[in-house]
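The structure appears below as structure tokens.
The values are calculated or read from the model by the stated rules, or taken from the named source; none is laboratory data. None of these values were measured; they are calculated from a predicted model. Cβ atoms come from the backbone with ideal geometry, glycine included; neighbour counts cover every protein chain shown. Accessible surface areas use protein heavy atoms only, side chains included; no ligands, DNA or RNA. Shrake-Rupley method; radii C 1.70, N 1.55, O 1.52, S 1.80 Å.
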Amino acid sequence: MSLSVYTCHVRPQALIEIAPDADGQAPGRLLMRAYAASQTGLIVLSLTAITSAAVDEVLDQIVPHFPLNIAGVRYISTFDHGALAWALRDCASVFGDSGPFLAAIFEAAADACPRPTADFERGRTRMLPSRWHQSRQVGMGLRL
């Protein structure tokens, strides 16, 4: 699964983990809701232990029921560090709860955060953009 997310100019509004349900199938209701949410902005689907073909099979039944002019969804692998950092940089919400997903998110979050500048090291901390707050948390359904 190779994606050109690094050149994408659309900023994601949410990052959602997609993993097989208890029966080993793609989570149809979650995918339907994620696609519906993409009417207001790009939704990034982080695939954990599931193939893009399995997700496509479900979405192929959902997509025809929505307008063609929506942002839609973009798949990334949970284990693609660069893609996760890209998605985390601007998204407002992260949803997921598997151990591998949370571990990957916490690892990629360091690259998604703004880097300190010389002013920061001199004690001036105003360099952080307003969308980044020290209280940001990542986890199951927590608002960033």
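Could we say that Y35 is without any contact (Cβ under 8 Å) to a residue 40 or more places away in the chain, surrounded by 14 or more Cβ atoms within 10 Å (Cβ to Cβ), touching a helix residue (DSSP H, G or I) at 6+ places or on another chain (Cβ under 6 Å) and within 18 Å of P12 (Cβ to Cβ) here? Taking the combined requirement at face value, the residue satisfies it. State whether one or more residues within the stretch 56-67 are free of Cβ contacts under 8 Å to residues at least 40 places away in the same chain and under 23 Å from R89 (Cβ atoms). No.
Conditions tested, residue by residue: (1) among the aromatic types (F, W, Y); (2) within 18 Å of D111 (Cβ to Cβ); (3) modelled with pLDDT of 95 or more; (4) over 13 Å from the mean Cα position of the chain (by Cα).
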| residue | (1), (2), (3), (4) |
| --- | --- |
| P12 | no, yes, no, no |
| E17 | no, no, yes, no |
| G41 | no, no, no, no |
| V55 | no, no, yes, yes |
| L68 | no, no, no, yes |
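Can you confirm whether the stretch 87-99 contains a residue that is over 13 Å from L15 (Cα atoms) and more than 13 Å from the chain's Cα centre (by Cα)?
Here is the first cut: in the stretch 87-99, the ones over 13 Å from L15 (Cα atoms) are 98-99.
Restricting the remaining residues to those that are more than 13 Å from the chain's Cα centre (by Cα) gives 98-99.
Looking for residues that are over 13 Å from L15 (Cα atoms) and more than 13 Å from the chain's Cα centre (by Cα), one finds at least one in the stretch 87-99, hence yes.
Is there a residue in the stretch 83-97 that is open to solvent by 40 Å² or more (accessible area, probe 1.4 Å) and either free of Cβ contacts under 8 Å to residues at least 12 places away in the same chain or in contact with a Cys (Cβ under 7 Å, 6 or more places away or on another chain) (or both)? Within the stretch 83-97, not a single residue is open to solvent by 40 Å² or more (accessible area, probe 1.4 Å) and either free of Cβ contacts under 8 Å to residues at least 12 places away in the same chain or in contact with a Cys (Cβ under 7 Å, 6 or more places away or on another chain) (or both).
Tell me the residue from A49, A54 that is at positive phi and small (G, A, S), please. Full working, then the answer.
Working: A54 fails: at positive phi.
The conditions single out A49.
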